[in-house]
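Peer 1: One structure, pasted below without further comment.
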Amino acid sequence: MKNKRCIVTGGCGFIGSALTRLLIKETDCQVLVIDKLTYAGVPESLKEVGLDPERDVDNDISTLNSQLATLNSEKRLAFLRADICDQEAMDKAFAEFRPDTIFHLAAESHVDRSIDGPGEFIRTNITGTATLLQAALKWWKQHPSFVFQHISTDEVYGTLGETGYFTEKTPYSPHSPYSASKASSDHLVRAWHDTYGLPIRITNCSNNYGPYHFPEKLIPLVILNCLDGKPLPVYGKGANVRDWLFVEDHARALMLVNEKGADGETYNVGGHNERTNLEVVETICRIMDELRPKATSYLDLITFVTDRPGHDLRYAIDPSKLMGELGWKPRENFESGIRRTVQWYLDNEWWWKPIHEQRYSGQRLGKG
Ligand code: NAD
Ligand code: TYD
């Protein structure tokens, strides 16, 4: 990633902020984060790389030129508050920032919310992606080395039975409004490549976890409920399997695919860490018992609740293409990554407490 100019959409979200932190800390790239700051956008997640959550959050398109003028080898991060569905703003962002690449992560990302209200998922994930593709296409005609990298999910492949893995050749079969909207966006990206020649890469990754994860998702929800002494809701029997990847390992894979991946190719990202949901929750409880002991075990808080409608049974990634062709290897396994994650939440109440108090405090979503 030598000296590139990168747009990161959704850079105030969980994975986009992990990628942005790595790009700023470990490369000499300049980064323009584009984020609408929905309920899931947390500018504080970029504080350690110089974003000022008070000063910078209202930086709209009218401020972009003056912001970009201040970028230099020390200050390499700019922030644009904008909706990816806004064609004029996206065109202007490309023309003014003149990117070498875009990492497109902005999306509505929570399956349960997609069950309660699919509209925003259709708008952002499908229309937003098409809007960015149009902006990118115009820009690529002036800058032929430009690459559009689309970040997607393994959920587009649907569900596995007890055995087998998702490969890049697995047919798409999404079940939730979220996964169907992501599948649509993947198809749009491939269509812009096949029809117009736009250089692209697509990655489909398994479930991520780690620091700065919005507490609506299973792992941070369980950690915060443990701290609150609240029930730990396990859907159905807790037998559904997810393949968990530490978020920084995903971010490193994205940089590698951007640099070394081939035009038009898809890469599945996952580190062979399949766990049932019940195993995940029990593991967190045992770590909490060790790090924050109480009179009774956190295991006693586990509560089985009504299942999610259309709940996919099992996801598991075959990452051999990414590992074999590009040499990617995850640094964390589930045991090391989950311990780091629990410890991070214990040490970083400043980040999650305002979210927990003002935006989302653990109520059940997505019952259908
Ligand atoms: P997130 O919900 O934490 O963050 C999404 C970000 O996008 C937020 O900052 C939000 O403000 C922004 N955003 C939403 N709508 C927008 C719009 N219309 N315009 C501009 N910004 C907008 O999501 P995440 O978990 O970081 O996921 C990032 C991407 O990775 C998504 O595309 C998701 O589908 C994909 N993905 C996620 C996982 C996972 O386990 N979380 C796994 C594989 C792939
Ligand atoms: P989630 O973190 O929402 O990710 P995804 O739906 O994208 O896989 O959920 C992970 C798994 O945990 C999924 O099988 C649903 C389950 N789950 C629970 O059992 N309880 C909960 O409170 C939540 C949010 C999820």
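The values are calculated or read from the model by the stated rules, or taken from the named source; none is laboratory data. Remember, it's a predicted structure, so these values are computed and weren't measured experimentally. Here the Cβ is made from the backbone with ideal geometry for all residues, glycine too, and neighbour counts use every protein chain on show. The protein model used for the area step is the full one, side chains on, heavy atoms only, and it has no ligands, DNA or RNA in it. Shrake-Rupley method; radii C 1.70, N 1.55, O 1.52, S 1.80 Å.
Peer 1: Taking the Cα-to-Cβ direction at residue 350 and at residue 286 and moving 7 Å from each Cα, how far apart do the two end points lie in nm?
Peer 2: 3.3 nm
Peer 1: If you don't mind, another one. Of 73, 152, 234, which is farthest towards the positive pole of the chain's charge dipole, taken about the Cα centre with +1 and -1 on the beta-carbons of Lys, Arg and Asp, Glu respectively?
Peer 2: 73
Peer 1: If you don't mind, another one. Got the relative contact order for the chain handy, in percent, Cα pairs under 8 Å and 6 or more residues apart?
Peer 2: Working: 701 pairs, mean separation 64.5, N = 368.
Answer for the chain is 18 percent.
Peer 1: Looking at the square roots a ≥ b ≥ c of the eigenvalues of the Cα gyration tensor of segment 1-143, which shape do they give, rounded for a/c under 1.5, prolate if a/b is larger than b/c, or oblate? Don't skip to the end; give the middle numbers.
Peer 2: On the way: a/c = 1.69, a/b = 1.25, b/c = 1.35.
Oblate, since a/c reaches 1.5 and b/c is not below a/b.
Peer 1: OK, next. Report, to the nearest 10°, how far helix 247-260 tilts away from the longest principal axis of the Cα atoms in the chain, using its own Cα long axis and a range of 0 to 90°.
Peer 2: 30 degrees
Peer 1: Which of rounded, prolate or oblate describes segment 276-354 when judged by the alpha-carbon gyration tensor and an a/c cut-off of 1.5? List each step's numbers first, then the result.
Peer 2: Details: a/c = 2.20, a/b = 1.39, b/c = 1.58.
Oblate, since a/c reaches 1.5 and b/c is not below a/b.
Peer 1: Right, another one. Loop only per DSSP, at most 15 neighbouring Cβ atoms within 10 Å: give me the chymotrypsin sites (Phe, Trp or Tyr not before Pro) in segment 31-102, ordered by residue number.
Peer 2: Numbers: sites: 39, 79, 94, 97; in loops: 39.
Hits after loop and neighbour filter: 39.
Peer 1: Evaluate the charge dipole of segment 230-338 about its Cα centre and quote only its size in Debye, nearest 20, assuming +1 on the Cβ of each Lys and Arg and -1 on the Cβ of each Asp and Glu. The partial results should precede the final answer.
Peer 2: On the way: 14 positive and 18 negative charges, 67 e Å.
Result for segment 230-338 is approximately 320 debye, rounded to the nearest 20.
Peer 1: For segment 47-126, which whole percent of the accessible surface, found with a 1.4 angstrom probe, sits on carbon and sulfur atoms? Could you put the intermediate results ahead of the total?
Peer 2: Numbers: 1720 of 3620 Å².
With neighbouring chains kept in place, the figure for segment 47-126 is 47 percent.
Peer 1: Kindly state, to the nearest 0.05, the FRET efficiency for residue 239 paired with residue 333, given R0 = 22 Å and r defined as their beta-carbon distance. Display every interim value, and only then the final one.
Peer 2: Details: r = 22 Å, r/R0 = 0.99.
E between residue 239 and residue 333, to the nearest 0.05, is 0.50.
Peer 1: Ignoring ligands, DNA and RNA, what percent of the 1.4 Å accessible area of segment 151-211 is carbon and sulfur? Write down the numbers at each step before the final one.
Peer 2: Numbers: 1230 of 2250 Å².
The nonpolar share, carbon plus sulfur, comes to 55 percent.
Peer 1: Report the gain in length on full extension from residue 162 to residue 75: 0.36 nm times residue separation, minus Cα-Cα distance, nm rounded to one decimal. Could you put the intermediate results ahead of the total?
Peer 2: Details: separation 87, 0.36 × 87 = 31.32 nm, distance 4.93 nm.
Once the chain is fully extended between residue 162 and residue 75, it gains 26.4 nm.
Peer 1: Here's another thing I want to ask about it. Give the residue list of GluC sites (Glu not before Pro) in segment 1-56 that are DSSP loop and have at most 12 other beta-carbon atoms within 10 angstrom. Before the final figure, lay out the partial values.
Peer 2: Numbers: sites: 26, 44, 48, 54; in loops: 54.
Hits after loop and neighbour filter: 54.
Peer 1: Let me ask another. Once you order the gyration tensor axes a ≥ b ≥ c over the Cα atoms, which shape class does segment 101-206 get: rounded for a/c under 1.5, otherwise prolate or oblate by comparing a/b with b/c? Before the final figure, lay out the partial values.
Peer 2: Values: a/c = 2.59, a/b = 1.49, b/c = 1.73.
It comes out oblate by the Cα gyration axes.
Peer 1: Over the chain, with the other protein chains present, what is the accessible area per residue in square angstrom, probe 1.4 angstrom?
Peer 2: About 40 Å² of surface per residue is accessible.
Peer 1: Here's something else I'd like to know. Taking the Cα centre of the chain as origin, work out the dipole magnitude from +1 charges on Lys and Arg Cβ and -1 charges on Asp and Glu Cβ, in debye rounded to 20. Each step should come with its number before you reach the end.
Peer 2: On the way: 42 positive and 50 negative charges, 51 e Å.
Roughly 240 debye for the chain.
Peer 1: Compute the acute angle (0 to 90°) between the alpha-carbon long axis of helix 129-142 and the principal axis of greatest extent of the alpha-carbon atoms of the chain; round to the nearest 10°.
Peer 2: 30 degrees
Peer 1: Separate question: List the aspartates and glutamates whose Cα lies under 20 Å from the Cα of residue 138, skipping any in the same chain that are fewer than 8 positions away.
Peer 2: Straight-line reach from residue 138, under 20 Å: 83, 86, 88, 91, 96, 100, 186, 194, 263.
Peer 1: Under the definition of Cα pairs under 8 Å and six or more residues apart, what whole-number percent is the relative contact order of segment 1-92?
Peer 2: On the way: 150 pairs, mean separation 27.4, N = 92.
Dividing the mean separation by the residue count of segment 1-92 yields 30 percent.
Peer 1: Taking every pair of alpha-carbon atoms in the chain, give the share separated by more than 40 Å as a whole percent.
Peer 2: Working: 6878 of 67528 pairs.
Of all Cα-Cα distances in the chain, 10 percent exceed 40 Å.
Peer 1: On to the next question. Given Cα pairs under 8 Å that are at least 6 residues apart, what percent is the relative contact order of segment 178-323?
Peer 2: Working: 199 pairs, mean separation 48.0, N = 146.
Averaging sequence separation for qualifying contacts and normalising by length gives 33 percent for segment 178-323.
Peer 1: Using label points projected 7 Å from each Cα along Cα→Cβ, tell me how many nm separate residue 91 and residue 120, to one decimal.
Peer 2: Distance between label points: 2.8 nm.
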